[in-house]
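The values are calculated or read from the model by the stated rules, or taken from the named source; none is laboratory data. No experiment lies behind these values; they were computed from the predicted model shown. Neighbour counts are summed over all protein chains in view; Cβ atoms, including those assigned to glycine, are modelled from backbone coordinates with ideal geometry. All accessible areas refer to the heavy atoms of the entire protein, side chains included, with ligands and DNA or RNA removed. Shrake-Rupley method; radii C 1.70, N 1.55, O 1.52, S 1.80 Å.
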Amino acid sequence: MANTTESEIRAALAAIEAPNGGDIVSRGMVQGLVLREGHVGFSIEVDPAKGAQMEPLRKAAEAAIMKLPGILSVTAVLTAHKGAGQPARQAPPAATPAGRPGGGKALVPGVKHIIAIASGKGGVGKSTTATNLALAFTTLGLRVGLLDADIYGPSQPRLMGLSGRPESRDGKTLEPKVAFGVKVMSMGFIVEEDTPMIWRGPMVMSAITQLLREVNWGDLDILVCDLPPGTGDAQLTMAQSVPLAGAVIVSTPQDIALLDAKKGLNMFKKVDVPVLGIIENMSYFSCPNCGHRSEIFAHGGAKREADRAGVEFLGDIPLDIQIRETSDEGRPIVASDPTSPHALAYGEIAAKVWNKLEKTPQRAAPRIVLQ
Ligand code: ADP
């Protein structure tokens, strides 16, 4: 049996009625359709006021495509980025005093600082660091959110021990889930686990926009954004579409040597996002039995690289079995063993980052000097 083509997918979607008459294809609601090796992804643009009611439509669209020959998975996401009622969600500048105005990025009402946790490549512990830093910010008495923008491989649900679909009270915005005092939103709550994700530029934008703006974050001091690994187009798009106050780069000693993290530095420079500093993760091995510290890899590379690039070195976190185990069990070390040396190390880094954010001059408010 011949495999389904993109136009056959469109034809199948055209059989689904749009809420205001016509079908979802001819009404222009289907966007960013991607078909790759049997995996299909697309977004359905809906009226934000009717977001929650559109869930059956999204399911019907997925089911219609799943029936076609050779289709292995279908991921449809609802987006609502330019519908009526949207402008009201863009904050007046006064509501977000420490945002980054002037960059053409709409700020998020009530959220004081948004920071990105980034890495040159996968597997360096970026998500683990994002989780533990988010928790460390709560120990500073801050109101914290964690946005899992790693839409290709969301790991925050597992790391924070959360599952299930997010609720919506008003049919417009999603309620974040809460774990250890942190508000969390992740694509992992929205799409089935193990669904291969295929995203293209416009879809990445709308998915991130939705996770950022259509979630009831409430008032936050800091929103920690776990970016996808790497420094490709998707990361660039994200860095451009999210009003970031700064970025923290996570690197291992080896990947500093391979210069992967350097690309990360350059990417943020290109989009005018301040790099708050570098964290060296899996920096040295601390023996769980005797506490002996052995530096398997050339430890200290991140510090040298940071110095050379004129970026602050924020600290190092050892390779430690307890960090891995607590992550895998959904009870991150900062919450489960808050007085451990590792938890304190995350705490020190969080304090440095927070101080930097609070010291950053607020570009929104020009100082009036009386002479
Ligand atoms: P990334 O987000 O960069 O892909 P993860 O945070 O998912 O990386 O981490 C990859 C793996 O390494 C996970 O199994 C995690 O538990 C483990 N890990 C991360 N940091 C450490 C550390 N400092 N010590 C031990 N294991 C770690």
Filter the range 158-181 down to residues that are open to solvent by 20 Å² or more (accessible area, probe 1.4 Å), within 14 Å of the ligand (Cβ to nearest atom) and not basic (Lys, Arg), then give me how many there are.
-> 1
Taking into account only those residues within the range 120-134 that are at pLDDT below 90 and either acidic (Asp, Glu) or within 7 Å of the ligand (Cβ to nearest atom) (or both), which is surrounded by the most Cβ atoms within 10 Å (Cβ to Cβ)?
-> 124
Residues of the range 135-155 satisfying the condition of being buried (at least 23 other Cβ atoms within 10 Å of the Cβ) and more than 14 Å from residue 229 (Cβ to Cβ) = 135, 136, 137, 144, 145, 146, 147
Quick one: what pairs do we get from the range 8-20, first residue part of a helix (DSSP H, G or I), second open to solvent by 70 Å² or more (accessible area, probe 1.4 Å), C-beta under 9 Å, 6+ apart or different chains?
-> 12/67
Filtering helices (runs of 4 or more DSSP H) wholly in the range 298-362 for at least 1 residues that are among the polar types (S, T, N, Q) and free of Cβ contacts under 8 Å to residues at least 40 places away in the same chain gives 321-328, 333-336, 341-359
Among the residues of the range 198-229, which ones are at pLDDT below 80, within 15 Å of the chain's Cα centre (by Cα) and not in a helix (DSSP H, G or I)?
-> 199
Selection within the range 1-22 - touching a helix residue (DSSP H, G or I) at 6+ places or on another chain (Cβ under 8 Å) and open to solvent by 30 Å² or more (accessible area, probe 1.4 Å) = 15, 19
